[in-house]
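Contents: one structure, followed by commentary.
Rule-based calculations on the coordinates, nothing more; no lab input. This one's a predicted model, so the numbers in the text were calculated from it and none came from an experiment. So basically every Cβ, Gly included, is an ideal-geometry build from the backbone, and we count neighbours across all protein chains shown.
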Amino acid sequence: MSSTTIESLIEDVQRAFDEPPEQIETGLDVDDAALLQLRKACRLLAGSDHLLDAGYYTLVIEASFVAIERSIEFRLIERGEMDPRNLPGSHTSVYREAANLGMFSESIADDLADLWGDHRAKTYYQDGLAAETRARRLSDLATEVHLFIVGRSSQGHECICTS
């Protein structure tokens, strides 16, 4: 492997993103921005289940946090409270938006932000260790948040989760 190979691969990746997509991930071929976020959350949760069974706990933790964010963004976009071209600038600001609109209590929003700040970043970037119990419990939380949000949506029937 050389820097020339890396440069070539970067160009290949850039071209792939510049071209119209083919073989789109199952369930994501939708025109509605809210539904796209909902379906991304569904796919993250499904993938997380497979990764959990295979012991990829770091990926489960990452996917679970992102699934929570996508679920909340779905509801915010669906309600017209957020422009899909201008999603929150930070991971934790989506929790604040949810609390401001009454989706969650302030304490739940604060707890979610604290979990993200204390554990996602630490597990991903620092010395936190991903472990099965941590990944499983966070996956359970992500699933419950998703189901809670979907259950309050007029578009809940668009959820493609199998669980």
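Karplus-based coupling profile of the stretch 85-95, in residue order and whole Hz: 8, 9, 5, x, x, 9, 4, 7, 5, 5, 5, with θ = phi - 60° in 6.51 cos²θ - 1.76 cosθ + 1.60 and x standing for Gly or Pro. Within the stretch 1-35, list the GluC sites (Glu not before Pro) lying in a DSSP loop whose Cβ has at most 10 other Cβ atoms in a 10 Å radius. Sites meeting the loop and neighbour criteria: GLU22. Arranged from fewest to most other beta-carbon atoms within 10 Å of their beta carbon, PHE148, PHE65, PHE74 become PHE148, PHE65, PHE74. By the beta-carbon count within 10 Å of each Cβ, the least crowded to most crowded order of LYS122, LYS40, fewest first, is LYS122, LYS40. In sequence order, the stretch 75-80 has phi-based couplings of 5, 5, 5, 4, 7, x Hz under the Karplus curve 6.51 cos²θ - 1.76 cosθ + 1.60, θ = phi - 60°, and Gly or Pro positions carry x.
Charge tally around ALA67: other residues with Cβ under 9 Å, Lys/Arg +1 each, Asp/Glu -1 each, net +2. A DSSP coil position with no more than 14 other Cβ atoms inside 10 Å describes none of the chymotrypsin sites (Phe, Trp or Tyr not before Pro) in the stretch 4-58.
Principal axis extents of the C-alpha atoms in the chain (largest first, rounded to whole Å): 52, 40, 30. Highest mobility in the GNM of the chain, judged by mean-square fluctuation with C-alpha springs under 10 Å and restricted to GLU132, GLU106, GLU19, is found for GLU19. Once both labels are positioned 7 Å from their Cα atoms along Cα-to-Cβ, the gap between LEU28 and ASP110 label points is 3.6 nm.
Counting neighbouring beta carbons within 10 Å and listing from fewest to most, the residues ARG137, ARG43, ARG70 come out as ARG137, ARG43, ARG70.
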